[in-house]
Amino acid sequence: DQQVKQNSPSLSVQEGRISILNCDYTNSMFDYFLWYKKYPAEGPTFLISISSIKDKNEDGRFTVFLNKSAKHLSLHIVPSQPGDSAVYFCAASAGSGYSTLTFGKGTMLLVSP
Amino acid sequence: DVKVTQSSRYLVKRTGEKVFLECVQDMDHENMFWYRQDPGLGLRLIYFSYDVKMKEKGDIPEGYSVSREKKERFSLILESASTNQTSMYLCASSLTGGRYEQYFGPGTRLTVT
């Protein structure tokens, strides 16, 4: 059973506009959430994270919002740039000491000029 | 600068061969992980290790084993490679404590013919 779901396999956005990537989770024990970005033939790179005690975290053009009651988080990219075109993975941790993460299946973002 | 390196970027092996994938991190991280990434399936955890000589099964350990003789090195072993093990293999490391991001290597694209 998928505990972290990214229901949109792909998203297309024009340069300069906002990109919104969504993620839902089912495990109430998850209390730390991360977004990773992955280019083809490269490993994922960490983008931004949020703890369950917050509802928003911002880093430059990237903002993550967490709605615990809905078990939903979203990543906003403003403004979107062609270099943001990549696969974005949502991941969640239940706070175990081993830092294991459960990943979603990813959303491919395409930002066109 | 943090670094996770993997021994090969591309590897082609024959069915039945024993395959070793090596991963080295230079960040003195306690935890190390092996994932495989397949289209439409996201990242799936194969094994992880939280200390030297310690290992734990992930979600899909069948057909794989691991070895961690030194803190900085984590090896993934395919005892008898099969075509359904053709995949992108990603190694990651992290500090322990449940609130730390994982740092990924560049990946090894393994093809089993």
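Out of A:D59, A:D84, A:D1, report the one residue that is under 24 Å from B:V4 (Cβ atoms), more than 10 Å from chain B (Cβ to nearest Cβ) and open to solvent by 60 Å² or more (accessible area, probe 1.4 Å).
A:D59
Of the residues that make up the stretch B:12-31, is at least one closer than 16 Å to B:L95 by Cβ, crowded, with 18+ Cβ neighbours inside 10 Å and either more than 14 Å from every other protein chain (Cβ to nearest Cβ) or modelled with pLDDT of 95 or more (or both)? If you could, list the steps in order and put the result at the bottom.
Within the stretch B:12-31, the subset closer than 16 Å to B:L95 by Cβ is B:25-31.
Retained after the next criterion (residues that are crowded, with 18+ Cβ neighbours inside 10 Å): B:25, B:29-31.
Adding the requirement that they be either more than 14 Å from every other protein chain (Cβ to nearest Cβ) or modelled with pLDDT of 95 or more (or both) leaves B:25.
Yes; the residues of the stretch B:12-31 include at least one that is closer than 16 Å to B:L95 by Cβ, crowded, with 18+ Cβ neighbours inside 10 Å and either more than 14 Å from every other protein chain (Cβ to nearest Cβ) or modelled with pLDDT of 95 or more (or both).
Does A:I50 count as within 13 Å of chain B (Cβ to nearest Cβ) and surrounded by 14 or more Cβ atoms within 10 Å (Cβ to Cβ)?
Values: within 13 Å of chain B (Cβ to nearest Cβ): yes; surrounded by 14 or more Cβ atoms within 10 Å (Cβ to Cβ): yes.
Answer is yes for this residue.
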Residue count, the stretch B:47-56 (criterion: more than 17 Å from B:Q25 (Cβ to Cβ) and modelled with pLDDT of 95 or more): 0
Scanning the stretch A:8-46 residue by residue, those in contact (Cβ under 8 Å) with a residue 12 or more places away in the chain, open to solvent by less than 80 Å² (accessible area, probe 1.4 Å) and at the interface with chain B (Cβ under 9 Å from one of its Cβ atoms) turn out to be A:D31, A:Y32, A:L34, A:Y36, A:K38, A:P44, A:F46
Of the candidates B:E79, B:E62, B:E72, the one satisfying the condition of being more than 14 Å from chain A (Cβ to nearest Cβ), open to solvent by 50 Å² or more (accessible area, probe 1.4 Å) and touching an Asp or Glu at 6+ places or on another chain (Cβ under 7 Å) is B:E72
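The values are calculated or read from the model by the stated rules, or taken from the named source; none is laboratory data. Since the model is a prediction, treat every value here as computed from it, not as a measurement. Backbone-built Cβ (ideal geometry, glycine too); neighbour counts: all protein chains shown. Ligands, DNA and RNA are stripped out before the accessible areas are found, and what is left, the full protein with its side chains, is counted by its heavy atoms. Shrake-Rupley method; radii C 1.70, N 1.55, O 1.52, S 1.80 Å.
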